[in-house]
Amino acid sequence: MKLDLKLYRGYVNGGELVVFGHLFKSWAPDKYSIEKRGIKHAYAILHKFRIKPLENFEVRLQFKDLDVTTKTMDDGYFRFTVPYEAELEPGWHQYEVSCKMFDFGMIEKGELLKPYPSKFGIISDIDDTFLISHSNSFFKKLYVMLSKNINKRKVFDDVVKHYQKLSSAGQDSNKASNSFFYVSSSEWNLYDFISEFSDLHDLPKAIIKLKKIKTGLTDFIGSGRGNHDHKFIKIKDIISFYPHLKYVLLGDDSQHDPYLYERICKTFPLNIKAVYIRQTKSAQKKKVQKVMENIESMNISTCYFRNSEKAIAHSEEEDII
């Protein structure tokens, strides 16, 4: 039996290290090519949802002097949350995870982030925040996902410019950057799609947090839908992990971001610097305007915008960039 080990970008603070991934039977959901078009691309996307996770399998993490084993959960997911107090330079560091089955073993390399000293961190949604996805329309979203490979998908005008400015704000060296986190209701099945898309468009390198993996084609139909509580939990985890940072939150009004961010602001009243919500229809939504007013009343700067140039101007006025 062939194993496939999928690693995601991890992170570390002064006292703890977090690394996570999935273990699959046969092949992981990233075996597709940017060259694929039409029916071949659609098949590759659908195939991402036809995976067989391996549960209760032993996996081993090695990083510097650290050597720890754990076992996978029922959906093949594993997470190492381990004490780590050794000195570490800011930036990206390589780690290794391995697993062994009968006489067959495999090793994969991943990356983890020790943030550079900075004024703030940036937490951004993905669909319809920087990646045009048509989340408002179920059928259009599915059609676009199945018919367009990453080189055909588009970002909003000036969004890359805004994110790059947020990334370098307050940093005086080309190497240093502010930490980015992309948190989405898309499933782990689409991790590589998102990672390669952001690389292709020069979006800041980020820790990516997605929703529980799907393991069947019927699950694909509901991709990105359903309960968004997992996003609240993931954002709460990030802010709790780096509590000394202030955060800029970016989302859109197509689904639940405004309400989710309002909850985050109420939970962490001293940690949020600004909330940005992209307007996805021709008119602003009254309910969203109300939420933004409420966030503003908590001494948190807000911007409800259609075009990223408005968001950039706001960030400059607020001395964020």
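The values are calculated or read from the model by the stated rules, or taken from the named source; none is laboratory data. These numbers come from a predicted model, not from an experiment. Virtual Cβ from ideal backbone geometry, glycine too; neighbours counted across all protein chains shown. Protein only, heavy atoms only, side chains kept; ligands, DNA and RNA dropped before computing areas. Shrake-Rupley method; radii C 1.70, N 1.55, O 1.52, S 1.80 Å.
Observations on the model:
- All other residues whose Cβ lies under 9 angstrom from that of residue 58 are scored, Lys and Arg at +1 and Asp and Glu at -1, for a net of +3.
- For residue 77, residues with placed amide H under 5 Å, excluding near neighbours: 23
- Separation of the residue 319 and residue 259 label points, Cα + 7 Å toward Cβ, nm: 3.6
- Matching label, semi-axes √(5λ) of the Cα gyration tensor in Å computed from the structure shown, candidates (1) 32, 22, 19; (2) 38, 22, 18; (3) 32, 25, 17: (3)
- In units of the compact-protein estimate 2.2 N^0.38 Å, region 62-108 shows a Cα radius of gyration of 1.37.
- Taken about its Cα centre, the chain carries a charge dipole of roughly 1280 debye when the Cβ of each Lys and Arg holds +1 and the Cβ of each Asp and Glu holds -1.
- Less than 5 angstrom separates the built amide H of residue 59 from those of 70, 71, 72, all sequence-distant by 5 or more or on a different chain.
- With contacts taken as Cα pairs under 8 Å and at least 6 residues apart, the chain reaches a relative contact order of 17 percent.
- Pairs exceeding 19 Å between alpha-carbon atoms, taken from 231/266; 165/236; 52/214; 2/100: 165/236.
- A simple rule links phi to the HN-Hα coupling: the Karplus curve 6.51 cos²θ - 1.76 cosθ + 1.60 with θ = phi - 60°, which for region 87-100 gives 5, 8, 5, x, x, 8, 10, 8, 10, 10, 10, 9, 8, 10 Hz, with x for Gly and Pro.
- Here's how it looks for residue 153: its modeled amide H is under 5 Å from none belonging to a residue 5 or more places away or on a different chain.
- What the phi angles of region 237-246 give under the Karplus curve with 6.51, -1.76 and 1.60, with θ = phi - 60°, is a coupling list of 4, 5, 5, 5, 6, 10, x, 7, 8, 9 Hz, glycine and proline written as x.
- Ordering 204, 112, 276 by Cα displacement along the dipole of the chain toward the positive end leaves 276 in first place; charges were set at the Cβ atoms of Lys, Arg (+1) and Asp, Glu (-1).
- Global geometry of region 192-321, whether rounded, prolate or oblate, following the gyration tensor of its Cα atoms and the 1.5 cut on a/c: rounded
- Surface share of carbon and sulfur [accessible, 1.4 angstrom probe, percent] for region 188-321: 49
- With a Förster radius of 25 Å applied to the beta-carbon distance between residue 101 and residue 153, the computed FRET efficiency rounds to 0.10.
- Linear extension gain, residue 50 paired with residue 175, 0.36 nm per residue minus alpha-carbon span: 41.1 nm
- Of the trypsin sites (Lys or Arg not before Pro) in region 80-123, those whose Cβ has at most 15 other Cβ within 10 Å and which sit in DSSP loop: 119
- Antiparallel beta bridges, as assigned by DSSP with both residues in the chain, represent about 60 percent of the total such bridges.
- Phi-derived couplings, Karplus 6.51 cos²θ - 1.76 cosθ + 1.60 at θ = phi - 60°, listed residue by residue for region 274-281: 7, 10, 10, 10, 7, 7, 9, 10 Hz, with x used for Gly and Pro.
- Sequence ranges 229-235, 188-194, ranked by mean other-Cβ count within 10 angstrom, highest first: 188-194, 229-235
- The simple Förster model, with R0 at 41 Å and r as the Cβ-Cβ distance, assigns residue 283 and residue 65 a FRET efficiency of 0.10.
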